[in-house]
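Read-outs throughout are calculated quantities, based only on the coordinates presented, and are distinct from any laboratory measurement. What you see is a predicted model; the values in this text were computed from it and never measured. A quick note on method: Cβ atoms are made from the backbone with ideal geometry, for glycine too, and the neighbour counts reach across all protein chains shown.
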């Protein structure tokens, strides 16, 4: 008996030869994206943002530079960033987001520097209390059909499962930490795994069949999600929003948007990272290089516009390769020891502690500087350096200065912003934060400024109606940033 | 036998002489099985105005709310909140004691504006409350509190009224129950459940470690209800499933037995796919769904490569589908009951199967469901026993016990290198194997498959991997190895469990103590204040032992001391254990270990011990621990923390647990046979 294969309108739809040929150079047959349509037709590139979270803190230095707004010099620990002086706005003495407004202290507050919430709940003072700004932006861009293939990505060198600690730097919902993808090979697979071999070995008919099949799969998944949602009523409708939206977005990206996307035409599929034990500190440098490659490609190809990156999670016991010669800490009151970042923050001041904290801070600064190099060197579809349209915000979990002995200093926070946002932000400046006044009012004002800085980043991404973050209650951007 | 002021609220089990709190004017007594409570004469001060019947009833209901919320844990004479205006009296309290508490207490009640009363705004955490949110805003418990406030504003305001709300009624469990759950009809499959299901359906599965981590809050049981996959998890899972499908599709194609060509091959594969999809989705497919699914085989029949591609696409579709990744417990309305729904037959089968095996219902269970037999408690128990006796059933029980002990995720590899250097690279896997073996021997081979045996078993001491930890170590500077004082026994002293609750270095008495108090006694420790670490005292005098040093550092305020007294001694008893479970022979100060201690339970009972072994023995035989295990079973079955609607079930299971010395099968039989097992609490 002949089996019954009822036709369905969507799965049997034809992918034209022309549309496939149009993508021959780009290898992205299965990963077309919707772009920020408002950007095309103008000379402006679409906007992009990268949030970088570094764990713990420098503890003994309050900021990357000192001096006056236009005449400033780099602290040696952040020296590698000096070559990006013109593209940066450098803050010393900021404070954890919402300091003095949001309750909390230590890692429970500093760890939520990108969300603006405070102390945790349910017996866990470290739990993240709400979504971070990368999630806010990604969700909105997706809802407005301008997110790209993936609304946002969370990558990093280590999550808590690799480097320990009390939680991650980025969070999707109360208590729902996002474990960053720390394996560049898996990160590659998530984004580029479906890209076809650009060598032309895959025939067009095979490609067409593959696309059709993938569309069937995603169509089924999206419909199934909608079915489950409708069966469960309002409660599940809310709970499954994220899951179903993700599936719909994946399906939509297959169905439309790749025929006329110059970004995809211009981009090159990056080299697949090798298989190795990426959890080992000894591999951190190639790991970072692989992520730099992935980040720049994802942004240039407009596969996503929002990337969150963490060097490690909150209170991380992250380590560096042996050649960095990080001294080994004795066991400290927090129970940890060894050549890791966290235990050195709990040590009493000593020459050895200074050495260790300098090594970690310089390491982070070096990696950020090389990412900025990569963003400068990579051209987007408009032929402009990626950094022109990419805003990079780097915040440390905790701060510090020469006088503090608090291993959980949430004031004196070093924060940096790179990229002028195509003329939106006035770079090449040093702004001293208000926590230079260590009284509660000063800390509070600095925490509110940090929240406003995040509002500025959100608004830069085309969301001017967003005027606050988390529970901070601020009501607008940080005016000092703008030209 | 007469129970003074016993209120007939349907908790007959509590009247059976088991673990009864005694009313009268004292706090509840803890009684050994079979022991009867001693009635006490009512204590009443002369001339006190009696509360109205309505106020008295509201007061008794409020007493139950306070009892379950565990307020007494801190608000007692030696508790961390002893200096506040709310204090629960000791079990021997007299009328004069209540009089002494009376004046301060009424400062907590705002008769002009009851909603502004500190008695309301503090436990609901509308204002700062050291103990956190003990009563949820908008919950039925809060409604009870509001009702009492609204009644009491008319008076009287005396010690007699106070007594009603500070003495827990006998019908409630004397151990606190935390109602922190959020009911949901949506159950996410855990990593264990995904792996088991794929093994059952395909005979092959991805590694558990490849799947996105289960979302966990703290060290408690995994919550799966109302816990959807987030966007990043969907994408990460997709990569794993696609990779898995790619690896196994050729092999599965052979397994289908379809070796035809063209239409015949497509038909054969379509039939196989239809059968598989019904088992994967745990339901029949609607026609449009089936049509979409079968369209994946449009290109099949032309070559083995095409067939393999089609199978691959099918696997991705099935195992990425929300219908697979979530279990739904929708139920049907129950006449006259708004907060519960009756599970449908297939839903009962699904709940029972996943509880029993971590996998889907088999054909026999489904047949019982379709025949309507699962509404019969005996049939549910029979099916459950049948499934529990299978290899998957045994594995599921082991996983539950590890979850109860917060040890289902391996932590040994996260410890500092110096603790691992003498251990084999596969020590984490071997330790897990040893823990699984220990649980299996107690549950499946012992005559006493009880909580007590799990906490007392010494069967793992001869496991090869464990002997490496027990025997004298090679580090002469830090000698390790079990001594007579160790008295190693039971799962609490097993490296798999110790590693789950220790930091990467040194000892972790606070972490362990808080875990014991929460997971074993169901008395969670409130979170430390955000600035706890910064508040710690410094400049400890030289020569202190580790314990003395920690006690010095935490002796900042009476609140710090009070809170630490409730859990730290439990951890101090385990101070010599290093992060992988070795016994360190000496304290770093060279002083003798001081492992003795005492903690006061919320019932007022003092739990005293002189060594870790004695602590373990006392916990293993304590009825509160057995009851707490029963609570864990309810949470595990429902995939969530408890909600008020669970109270009756929890009470019944606690009774079973106490009567049977924590007999694990008996607890699960009682759970499966309970009417609540066929219901779902709904938010709709």
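Across peptide A:224-232, the average count of Cβ atoms from other chains found within 10 Å of a residue's Cβ is 5. Kindly identify region B:434-508 as rounded, prolate or oblate by the Cα gyration tensor criterion: order the square roots of the eigenvalues as a ≥ b ≥ c, call it rounded if a/c is under 1.5, otherwise compare a/b with b/c, prolate if a/b is larger, else oblate. In terms of gyration-tensor shape, prolate. As a proxy for reagent exposure, ranking A:213, B:126 by other Cβ atoms within 10 Å from fewest up yields B:126, A:213.
In percent, how large is the relative contact order of chain B, given Cα pairs closer than 8 Å and 6 or more residues apart?
Over chain B, the number comes to 16 percent.
By the count of neighbouring beta-carbon atoms within 10 Å, fewest first, B:678, A:288 end up ordered A:288, B:678. With a 10 Å cut-off around each Cβ of B:236-243, the average count of Cβ atoms from other chains is 4. Entry for region B:283-333 at q = 0.21, 0.28 Å⁻¹: log10 I(q)/I(0) = -0.82, -1.09, Debye formula applied to identical alpha-carbon scatterers, no solvent contribution. Hull volume per residue, based on the alpha-carbon atoms of the protein assembly as shown and their convex hull, is 177 Å³.
Thinking of region B:548-614 as a set of Cα atoms, what percent of all their pairs are more than 21 Å apart?
30 percent
Protection proxy ranking of B:659-669, A:110-120, by the mean of other Cβ atoms within 10 Å over each peptide's residues and highest first, is A:110-120, B:659-669. Would you work out if chain B is rounded, prolate or oblate? Take a ≥ b ≥ c from the square roots of the eigenvalues of the alpha-carbon gyration tensor; rounded if a/c is under 1.5, else prolate when a/b is larger than b/c, oblate otherwise. Here chain B falls in the oblate category. With the helix formula -39500 (n - 2.57) applied to DSSP H stretches of n ≥ 4, chain B reaches a computed 222 nm mean residue ellipticity of -13500 deg cm²/dmol. Working value for region B:235-333: equivalent-ellipsoid semi-axes of 25, 17, 10 Å, each the square root of 5 times a Cα gyration tensor eigenvalue, largest first. Sorted on the mean count of surrounding Cβ atoms within 10 Å across their residues, most packed first, peptides B:311-319, B:92-100, A:455-463 read B:311-319, A:455-463, B:92-100.
Taking every C-alpha pair closer than 8 Å and separated by at least 6 residues, the mean separation divided by the residue count of region B:300-383 gives a relative contact order of 16 percent. Take each residue of peptide B:312-321, count the partner chain Cβ atoms within 10 Å of its Cβ, and average: the result is 5.
Each peptide in A:124-135, B:397-408, B:533-544, B:199-210 was scored by the mean count of other Cβ atoms within 10 Å over its residues; highest first, the order is A:124-135, B:397-408, B:199-210, B:533-544. Each of B:219, A:323 was scored by other Cβ atoms within 10 Å of its Cβ. Arranged with the fewest first, they read A:323, B:219.
Restricting attention to the protein assembly as shown, close to 60% of DSSP beta bridges with both partner residues there are antiparallel. The Rg/Rh ratio of region B:465-617, with Rg taken over Cα atoms and Rh as the Kirkwood radius over Cα pairs, comes to 0.96. Sorted largest first, the spans of the alpha carbon positions of region B:157-260 along the three principal axes are 87, 28, 22 Å.
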